[in-house]
Amino acid sequence: MSALVLVGVALVVQKFGGTSVADAERIRAVADHVARTRRQGHQVVVVVSAMGKTTDELLRLADDVSRARPGRELDMLLSSGERITTALLCMALADLGTPAASFTGSQAGIITDTTHGRAKITEVRGDRLRQALAVGQVPVVAGFQGVSVARDVTTLGRGGSDTTAVALAATLGAQACEIYTDVSGVFSADPRIVPAARRLAAVSFDEMLEIAATGGRVLALRSVEFARNHGVPLHVRSSFTWEAGTWVKGEDESMEQSIVSAVTHDTTEAKVTVTGVPDRPGVAASLFRGLADRAVNVDMIVQNTSVRGTTDISFTVPKDDLAVSLEVALALAPTIGATDVLADPDVSRVSLVGAGMKTNPGVTAAMFETLAREGINIEMISTSSIRISCVIHTDAVEQAVQALHEAFELA
Ligand code: ADP
Ligand code: ASP
Ligand code: MG
């Protein structure tokens with residue numbers, strides 16, 4: 001067990017993901033665990049996701065009835081998934097004699113901006129939860145949702161229950177935020193693709209941010225940002241084995257500084273290339289202003305050096321934003337003087353993340369050599385001080401992850 005265990009009488013936030021509450025039996029198992037944590041003398045605030053694949057099913061239903069899918073109504077629909085879980089878990093806790101009370105995001109005081117579908121938390125008013133704790137109840141909060149400053153229900157983006165949990169942990173001053181999921185921690189690669197992946201004992205906030213940003217969906221990116229900004233230690237662990245998992249916390253001496261800690265992959269982005277644009281000031285500015293004005297989240301950007309005064313600009317965007325991005329680029333093409341706009345939805349990103357990269361040159365070369373040996377072509381490259389990412393064809397992504405995991409001896 002890690003050095004960071006709950007000491008004395010602690011307040012702990014426990015978050016349970018979809019698989020962990022997928023059916024009645026799982027909900028009773030979760031109730032057991034919450035009741036046991038209480039018997040150990042700790043105060044518990046619980047955050048739950050929707051049961052199993054409920055969110056996906058609700059999204060399909062919305063697709064079946066509507067092409068427009070107004071954001072306000074979609075959020076009202078999706079937020080219902082986590083509400084179901086809160087009520088059922090409170091009932092299961094009642095059977096164990098553990099007093100509990102369910103709260104929607106709104107009731108829990110999660111205030112957000114008005115961006116439906118990916119709202120940002122602007123304020124957390126924890127008073128109702130504090131009152132519940134004071135009278136000995138376990139507050140069970142619906143994750144992934146809040147209420148906007150315009151008093152509409154909002155959702156926080158896929159995986160957003162993690163963010164709810166960390167935001168509450170920060171506001172209530174919890175000693176730790178436990179994220180219970182279907183794997184036993186943060187691994188050196190997605191265990192679904194690399195069965196030999198190793199569980200990491202501890203990961204720094206900075207490394208976890210890069211892992212989450214590059215496809216390691218075990219924690220939502222925003223939840224890690226929140227945890228880092230407020231210094232909330234996270235413990236990612238299994239709700240099936242209940243064993244100790246991975247601590248995500250501020251960097252300290254006890255952490256091993258691996259050169260490479262994890263290889264991640266992301267298949268959710270697409271590539272857009274604008275060709276033959278004149279190499280003069282203002283071209284990139286108008287293109288990316290146009291995309292920003294349509295709320296497109298541009299990720300990697302590559303611009304070639306110009307040949308005879310023209311250049312190509314490639315960038316990646318979430319696949320969901322591809323249509324809008326093409327619309328923007330095609331509309332701007334005549335004004336900026338571009339010859340063509342090309343879309344490639346079949347790209348993926350593989351990345352290596354490791355705090356030790358800062359002081360160890362050569363990782364980039366070794367990564368490129370590994371991909372070359374596998375005959376995998378690199379289409380785009382981007383780096384940070386502790387990460388290297390390559391965009392490759394989606395067909396090769398599993399092969400790339402497995403080869404890199406082996407080449408860097410991460411097992
Ligand atoms: P939950 O519903 O509990 O929030 P998620 O599906 O969001 O669970 O996240 C857990 C999943 O994340 C795992 O089943 C695993 O396949 C995936 N995953 C991807 N990369 C990693 C990684 N590096 N370590 C652990 N899990 C990972
Ligand atoms: N139920 C939501 C989703 O599937 C939120 C979450 O589980 O964190 O994305
Ligand atoms: Mg999740």
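The values are calculated or read from the model by the stated rules, or taken from the named source; none is laboratory data. Quick caveat, the model's predicted, so the values are computed rather than measured. A quick note on method: Cβ atoms are made from the backbone with ideal geometry, for glycine too, and the neighbour counts reach across all protein chains shown. Only protein heavy atoms, including side chains, enter the accessible area calculation; ligands, DNA and RNA are left aside. Shrake-Rupley method; radii C 1.70, N 1.55, O 1.52, S 1.80 Å.
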Report summary line: Counting only strands (runs of 3 or more DSSP E) entirely within the stretch 256-375, those with at least 1 residues that are hydroxyl-bearing (Ser, Thr, Tyr) are 262-266, 269-278, 310-318, 347-353
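Taking the criterion of being more than 16 Å from ligand 3 (Cβ to nearest atom) and modelled with pLDDT of 95 or more, would at least one residue in the stretch 155-166 satisfy it? Don't jump to the end; show me each part of the working.
Taking the stretch 155-166 as the starting set, the residues that turn out to be more than 16 Å from ligand 3 (Cβ to nearest atom) are none.
Within the stretch 155-166, none of the residues are more than 16 Å from ligand 3 (Cβ to nearest atom) and modelled with pLDDT of 95 or more.
Give 151, 158 a once-over and let me know the one that is touching a residue at least 12 places away in the same chain (Cβ under 8 Å) and of a type in the set (Lys, Arg). Even if it seems obvious, please write down each step before you answer.
Values: 151 fails: touching a residue at least 12 places away in the same chain (Cβ under 8 Å).
Just one listed residue meets the conditions, 158.
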Report task. Taking the residues in the stretch 48-69 that are within 15 Å of ligand 1 (Cβ to nearest atom), in a loop (DSSP other than H, G, I, E, B) and hydrophobic (A, V, I, L, M, F, W, C) as candidates, determine which candidate is surrounded by the most Cβ atoms within 10 Å (Cβ to Cβ). Result -> 50
**Report entry** Which numbered condition residue 80 misses (of (1) at pLDDT 95 or above; (2) crowded, with 18+ Cβ neighbours inside 10 Å)
**Finding:** (2)
Report summary line: Taking the stretch 217-248 and keeping only residues that are within 14 Å of ligand 2 (Cβ to nearest atom), under 11 Å from residue 181 (Cβ atoms) and among the hydrophobic types (A, V, I, L, M, F, W, C), one is left with 218, 219, 236
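Mind telling me which of the residues 222, 228, 151, 237 ends up being at pLDDT 95 or above, open to solvent by 10 Å² or more (accessible area, probe 1.4 Å) and within 13 Å of ligand 3 (Cβ to nearest atom)?
Just one listed residue meets the conditions, 222.
Quickly run through the stretch 17-47 and pick out the residues that are in a loop (DSSP other than H, G, I, E, B), open to solvent by less than 30 Å² (accessible area, probe 1.4 Å) and within 11 Å of ligand 1 (Cβ to nearest atom).
Quick first cut of the stretch 17-47, residues in a loop (DSSP other than H, G, I, E, B) only: 17, 22-23, 40-42.
Filter once more, keeping what is open to solvent by less than 30 Å² (accessible area, probe 1.4 Å): 17, 42.
Within the stretch 17-47, 17 is the sole residue that qualifies.
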Query raised in the report: What tally of residues in the stretch 112-145 results from selecting those that are open to solvent by less than 20 Å² (accessible area, probe 1.4 Å) and among the β-branched types (Val, Ile, Thr)?
Result: 4
Requested in this report: Return the residue satisfying two criteria in turn: it lies in the stretch 18-45 and is touching a Phe, Trp or Tyr at 6+ places or on another chain (Cβ under 7 Å) and either within 16 Å of ligand 2 (Cβ to nearest atom) or at pLDDT below 95 (or both), and of such residues it is nearest to residue 227 (Cα to Cα).
Outcome: 20
**Report entry** Flag for residue 154 being within 18 Å of residue 16 (Cβ to Cβ) and in contact with a strand residue (DSSP E or B) (Cβ under 6 Å, 6 or more places away or on another chain)
**Finding:** no
Report task. Give 79, 66 a once-over and let me know the one that is within 24 Å of residue 132 (Cβ to Cβ) and of a type in the set (S, T, N, Q). Result -> 79
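Among the residues that make up the stretch 75-89, is at least one of them in a helix (DSSP H, G or I), free of Cβ contacts under 8 Å to residues at least 12 places away in the same chain and in contact with a strand residue (DSSP E or B) (Cβ under 8 Å, 6 or more places away or on another chain)?
We begin by selecting, within the stretch 75-89, every residue in a helix (DSSP H, G or I); these are 75-89.
Next, only the ones that are free of Cβ contacts under 8 Å to residues at least 12 places away in the same chain stay: none.
Scanning the stretch 75-89, I find no residue that is in a helix (DSSP H, G or I), free of Cβ contacts under 8 Å to residues at least 12 places away in the same chain and in contact with a strand residue (DSSP E or B) (Cβ under 8 Å, 6 or more places away or on another chain), so the answer is no.
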Requested in this report: Evaluate the stretch 72-83: report whether one residue or more is in contact with a helix residue (DSSP H, G or I) (Cβ under 6 Å, 6 or more places away or on another chain) and at positive phi.
Outcome: no
**Report entry** Among (1) open to solvent by 60 Å² or more (accessible area, probe 1.4 Å); (2) touching a residue at least 12 places away in the same chain (Cβ under 8 Å); (3) among the charged types (D, E, K, R); (4) within 8 Å of ligand 1 (Cβ to nearest atom) - the single one residue 190 does not satisfy
**Finding:** (1)
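Select from the stretch 196-217 the residues that are of a type in the set (A, V, I, L, M) and in contact with a helix residue (DSSP H, G or I) (Cβ under 8 Å, 6 or more places away or on another chain) and write down the one among them that is farthest from ligand 3 (Cβ to nearest atom).
Pass one, the stretch 196-217, residues of a type in the set (A, V, I, L, M): 196-197, 200-203, 208-209, 211-213.
Applying the additional criterion that residues be in contact with a helix residue (DSSP H, G or I) (Cβ under 8 Å, 6 or more places away or on another chain) yields 196-197, 203, 208-209, 212-213.
Values: 196: 23, 197: 18, 203: 16, 208: 14, 209: 16, 212: 10, 213: 15 Å.
Among those that are of a type in the set (A, V, I, L, M) and in contact with a helix residue (DSSP H, G or I) (Cβ under 8 Å, 6 or more places away or on another chain), it is 196.
Picking from 103, 187, 205, 144, which residue would you name as being at pLDDT 95 or above and in contact with a Pro (Cβ under 8 Å, 6 or more places away or on another chain)?
Numbers: 187 fails: in contact with a Pro (Cβ under 8 Å, 6 or more places away or on another chain); 205 fails: in contact with a Pro (Cβ under 8 Å, 6 or more places away or on another chain); 144 fails: in contact with a Pro (Cβ under 8 Å, 6 or more places away or on another chain).
Testing whether each residue is at pLDDT 95 or above and in contact with a Pro (Cβ under 8 Å, 6 or more places away or on another chain) leaves just 103.
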Report task. Go through (1) within 16 Å of ligand 3 (Cβ to nearest atom); (2) over 30 Å from residue 9 (Cβ atoms); (3) open to solvent by 10 Å² or more (accessible area, probe 1.4 Å) and name the single condition residue 183 misses. Result -> (2)
